[in-house]
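Enquirer: My questions all concern the structure below.
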Amino acid sequence: MKKLWMLILVLTFGTSLVAAQDIEIQLEPINDANFGISSVVPTGWTSLGNGLLQRGATPEDVTLFGIQSAPFKVEALMEAVLPQLGLSEVPESVGTLESETLTWTLYKVDVPVGETTVAVDLAVTEADNKSYLVILQTTPEEYELLHEAVFLPAVEALRVVKPDTSELPYAVEEVTFTNGDVTLAGTLTMPEGKGPFAAVVLVSGSGPQDRDETIGTMRPLG
């Protein structure tokens with residue numbers, strides 16, 4: 001069974017007491033090495049870990065925002081997200097967004113929570129065998145404001161950040177191996193010096209993972 005290793009969505013109960021017109025929203029840049037992304041997030045919101053932020057303007061505030069990546073395809077990502085939205089199949093997309101480097105698929109879902117409803121914005125894309133997700137949860141009354149002021153700017157600003165290997169004490173090279181119609185990819189690291197060197201092959205365990213066997217913020221093979 002495919003599993004998403006980090007918290008994607010927290011549906012909280014209660015009704016937000018913050019009026020949309022009373023919200024002052026400022027954005028600040030972030031660079032998250034664990035998820036390999038840079039983007040913008042609302043200033044002053046509280047981090048819940050794993051790329052998730054809570055506005056927390058009142059104890060009943062349901063507004064959450066998150067940016068995450070996962071080491072598998074979008075199809076597997078959606079399999080993990082859908083049950084948290086109370087859905088059994090992928091909803092119809094409300095459109096796409098073309099940023100400078102990525103093409104995003106956008107979704108809007110209204111999720112019943114008790115006697116109220118939570119509006120959820122979702123953007124997903126895929127690059128370099130990873131999925132990337134931006135999610136916003138809020139009340140229907142505040143949806144339009146936060147959609148324009150937080151969600152869309154974060155999607156447009158998101159960039160995939162690759163680790164800087166220039167200062168490493170060894171060489172790093174991307175390699176591929178072809179076997180019929182299947183192409184396997186890997187990372188070759190070579191120590192300094194002429195060698196000869198012993199060779200060690202590291203292969204991650206079962207399930208959808210990247211080459212570092214990333215599980216949340218842990219990278220056993222990184």
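The values are calculated or read from the model by the stated rules, or taken from the named source; none is laboratory data. In this text the structure is predicted, and so the values were computed from the model without any measurement. Please note: Cβ atoms are built from the backbone with ideal geometry, for glycine as well, and neighbour counts cover all protein chains shown. To get the accessible areas, we keep the full protein, side chains included, count just its heavy atoms, and leave off ligands, DNA and RNA. Shrake-Rupley method; radii C 1.70, N 1.55, O 1.52, S 1.80 Å.
Enquirer: Report ³J(HN,Hα) in whole Hz for each residue of the stretch 93-104, in order, from the Karplus equation J = 6.51 cos²θ - 1.76 cosθ + 1.60 where θ = phi - 60°; Gly and Pro get x.
Expert: Running phi through 6.51 cos²θ - 1.76 cosθ + 1.60 with θ = phi - 60° gives 5, 9, x, 10, 9, 9, 8, 5, 10, 9, 10, 9 Hz.
Enquirer: Express the accessible area of the stretch 13-135 per residue in Å², computed with a 1.4 Å probe while the remaining protein chains stay in the model. Provide the component values of the computation, followed by the final result.
Expert: Working: 6010 Å² over 123 residues.
Accessible area per residue, the stretch 13-135: 49 Å².
Enquirer: Could you give each residue of the stretch 59-74 its phi-based ³J(HN,Hα) in whole Hz, using Karplus coefficients 6.51, -1.76, 1.60 with θ = phi - 60°, and x for Gly or Pro?
Expert: Along the stretch 59-74, the couplings run x, 9, 5, 8, 6, 10, 9, x, 10, 9, 10, 9, x, 7, 5, 4 Hz.
Enquirer: Next up: Calculate, for residue 201 and residue 161, the FRET efficiency according to 1/(1 + (r/R0)^6) with r their C-beta to C-beta distance and R0 22 Å; round to the nearest 0.05.
Expert: Values: r = 27 Å, r/R0 = 1.23.
Efficiency at R0 = 22 Å is approximately 0.20.
Enquirer: From the phi of every residue in the stretch 28-44, what ³J(HN,Hα) in whole Hz does the Karplus formula 6.51 cos²θ - 1.76 cosθ + 1.60 yield, where θ is phi - 60° and glycine or proline is x?
Expert: Once rounded to whole Hz, the list reads 9, x, 10, 9, 9, 5, 5, 9, x, 9, 10, 6, 10, 9, x, 6, x.
Enquirer: Additional query: Expressed as a whole percentage, what fraction of the accessible surface of the stretch 95-205 belongs to carbon and sulfur atoms when a 1.4 Å probe is rolled over the protein heavy atoms? Don't jump to the answer; show the numbers that get you there.
Expert: Values: 3540 of 6790 Å².
C and S fraction of accessible area: 52 percent.
Enquirer: Taking Cα centroids, how far is the stretch 86-102 from the stretch 27-53 in Å?
Expert: About 21 Å separates the Cα centre of the stretch 86-102 from the one of the stretch 27-53.
Enquirer: Which of the three applies to the stretch 33-139, rounded, prolate or oblate, going by the alpha-carbon gyration tensor with a ≥ b ≥ c and a/c under 1.5 meaning rounded?
Expert: Values: a/c = 1.79, a/b = 1.20, b/c = 1.50.
Oblate.
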